[in-house]
Amino acid sequence: MISMDPPLAEKSPYLVGQMLIAMPGMGDARFEKSVIYVCAHNADGAMGLVVNRAMEELTFPDLLEQLGIDVTGDGPAINILFGGPVESGRGFVLHTCDYLRDATMVVDNGVALTATMDILKAIADGDGPMQSLLALGYAGWGPGQLDGEIMSNGWLSVDADTDLVFGGDLDGKWDRAMGKIGIDPRMLSDQAGHA
């Protein structure tokens, strides 16, 4: 189990290492029922990867072939996910910290991000991280944009855990994320409002 909850003294107003859960009626069909792992969030903006939407039309072996990566081992077949609408041709591997290289960015306790072809070869050869997901594209927000969307009831946030980040049941992640914070999705309205 990944421990991603920093001590109270280290809490930040930023959501790095947290999960965003799309609220019903957020108004952007690209993110309907999305669960996003937040990789970066600061005064300059935010970046995250959708972790629950597979790209059915592309397989990992097809991607390796397109990239000209020769595979010598018998690594796992992994899903390729729609990471978000920004730079949809760029790949990102979110993974456990048992695989760290110079180009790896440690996001939070136990989770790192690598965007090089070396990690794809390592995964294909069976030498990659214990747990990983491959996403094409990312979700990005400019300064203050994510904060504004949260204030407008577009997103909820929840602590990340191994199953929400790396679990294979993609279709059930949104419901599990909502359940983790005690919300029954059937009770939510798709209309936002403020008291």
Exercise. Return only the number of the condition from (1) farther than 28 Å from Trp155 by Cβ; (2) aliphatic (A, V, I, L, M); (3) without any contact (Cβ under 8 Å) to a residue 12 or more places away in the chain that Val106 does not satisfy.
Key: (1)
Quiz item: What is the number of the single condition among (1) surrounded by fewer than 19 Cβ atoms within 10 Å (Cβ to Cβ); (2) in contact (Cβ under 8 Å) with a residue 24 or more places away in the chain that Asp169 does not meet?
Solution: (2)
Self-check item: The one condition in (1) closer than 21 Å to Trp174 by Cα; (2) in contact with a Pro (Cβ under 9 Å, 6 or more places away or on another chain) that Asp108 fails to fulfil
Solution: (1)
Practice problem: Go through region 50-87 residue by residue and tally those that are closer than 22 Å to Ala112 by Cβ, within 19 Å of the chain's Cα centre (by Cα) and of a type outside the set (A, V, I, L, M). | Solution: 8
Quiz item: Any idea which of Ala54, Ala29 is surrounded by 11 or more Cβ atoms within 10 Å (Cβ to Cβ), farther than 15 Å from Ile123 by Cβ and either touching a Ser or Thr at 6+ places or on another chain (Cβ under 8 Å) or at pLDDT 85 or above (or both)?
Solution: Ala54
Quiz item: Quick one: how many residues across region 108-130 are buried (at least 19 other Cβ atoms within 10 Å of the Cβ) and either modelled with pLDDT of 95 or more or not hydrophobic (A, V, I, L, M, F, W, C) (or both)?
Solution: 9
Practice problem: Could you list, in sequence order, all residues of region 131-144 that are in contact (Cβ under 8 Å) with a residue 60 or more places away in the chain, out of contact with any Cys (no Cβ under 9 Å at 6 or more places or on another chain) and closer than 27 Å to Tyr99 by Cβ? | Solution: Leu133, Leu134, Ala135, Leu136, Ala139, Gly140
Quiz item: Looking at region 52-87, which of the residues that are in contact (Cβ under 8 Å) with a residue 60 or more places away in the chain and either in contact with a helix residue (DSSP H, G or I) (Cβ under 6 Å, 6 or more places away or on another chain) or among the small types (Gly, Ala, Ser) (or both) is nearest to Gln145 (Cα to Cα)?
Solution: Asn52
Self-check item: Of residues in region 145-166 being of a type in the set (D, E, K, R) and either touching a helix residue (DSSP H, G or I) at 6+ places or on another chain (Cβ under 7 Å) or without any contact (Cβ under 8 Å) to a residue 40 or more places away in the chain (or both), the one nearest to Ile183 (Cα to Cα)
Solution: Asp163
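The values are calculated or read from the model by the stated rules, or taken from the named source; none is laboratory data. What you see is a predicted model, and the numbers here were worked out from it, not measured in a lab. Note: ideal-geometry Cβ built from the backbone for every residue, glycine included; neighbour counts use all protein chains shown.
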